[in-house]
């Protein structure tokens, strides 16, 4: 639960700076085109990025990384190509729905979406597509389209909870407001912040946290408790 005495504007900025000093610039999302980023955002649901990379490599080899190409291939074949990403039948159906939407609504002109479409309208449209939830929609908006929409995933929730800044409500929107309301509303800042959270969660704030040497331990109740526990064990050894 968030500490009401915290200055969250300062606190979140400090967290960002500590992670940036430790891990450096992340340069997310790894992709050659905005559409490839969209595909990656769909495929990465409930799987590791290495599995997504294999699926995207298959799509590249088959020359299928465009909305028109995805529309032109049958769903079973598409599912086979993205098999490594898991839930391949459902994800193939989602990619088909996304490609159809891009063609129908924007004539496959992703540049026009970036420059002229309102972020709130785009989010509503994306959430209306089969298989696209809030996390995937926000990843597409932020990384592929450059819209300032903060991505909330399991890493972000876990870090906020351990740092004692999680909102009272466990809803997606409550966690998103935590960041949007207390950071500059800037797509590059949001993208880098989320990428740093992912990196930090892989390195230190794992399911079983590695608190020793953590760059956020100084302000983390979980890390402080871990340090105190180690000291108690050290003083009670015979």
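Values quoted throughout were computed directly from the atomic coordinates according to the rules given, and no laboratory measurement underlies them. If you're wondering where the values come from, they're calculated on a predicted model, not measured in any experiment. In this analysis, Cβ positions are derived from the backbone assuming ideal geometry, glycine residues included, and neighbour counts consider all displayed protein chains.
For residue 14 and residue 224, a Förster radius of 25 Å and the Cβ-Cβ distance give a FRET efficiency of 0.95, rounded to the nearest 0.05.
Taking the 0 to 90 degree range and rounding to the nearest ten, how far is the long axis of helix 154-163 tilted relative to the main principal axis of the chain, both from C-alpha atoms? Helix 154-163 sits roughly 20 degrees off the main axis of the chain. Shape class for the range 81-167, computed from the alpha carbon gyration tensor (a ≥ b ≥ c): oblate, with a/c not under 1.5 and a/b at or below b/c. As a rough footprinting exposure proxy, the listed residues 36, 27 were ranked by other beta carbons within 10 Å of their own, and the order from fewest upward is 27, 36.
Using Cα atoms only, what is the angle between the long axis of helix 221-236 and the major principal axis of the chain, expressed in degrees (0 to 90) to the nearest 10? Tilt relative to the chain: about 40 degrees. The angle between the Cα long axis of helix 187-203 and the main principal axis of the chain comes to about 60°, on a 0 to 90 degree scale.
Extension gain for residue 125 to residue 33 (0.36 nm times residue separation, less C-alpha to C-alpha distance): 31.0 nm.
The order of 182, 200, 194, going from fewest to most other C-beta atoms within 10 Å of their C-beta, is 182, 200, 194. Residue order for 38, 189, 113, fewest other beta carbons within 10 angstrom first, comes to 189, 113, 38. Each residue, residue 177 and residue 49, gets one label point 7 Å from its Cα in the Cβ direction; the gap between the two is 3.1 nm. In this entry, the chain is assigned a mean projected area of 14.8 nm², taken as a quarter of its C-alpha convex hull surface. Report the paramagnetic label zone for residue 62: residues of the range 35-56 whose backbone N is under 11 Å from a point 7 Å from Cα along the Cα-to-Cβ axis. In the range 35-56, the label zone of residue 62 (backbone N under 11 Å from the point 7 Å along Cα→Cβ) covers 55-56. Here the Gaussian network model covers the chain, with springs between Cα atoms less than 10 Å apart; of 162, 121, 71, 121 fluctuates the most.
The convex hull built on the alpha-carbon positions of the range 34-144 has an orientation-averaged projected area of 5.9 nm².
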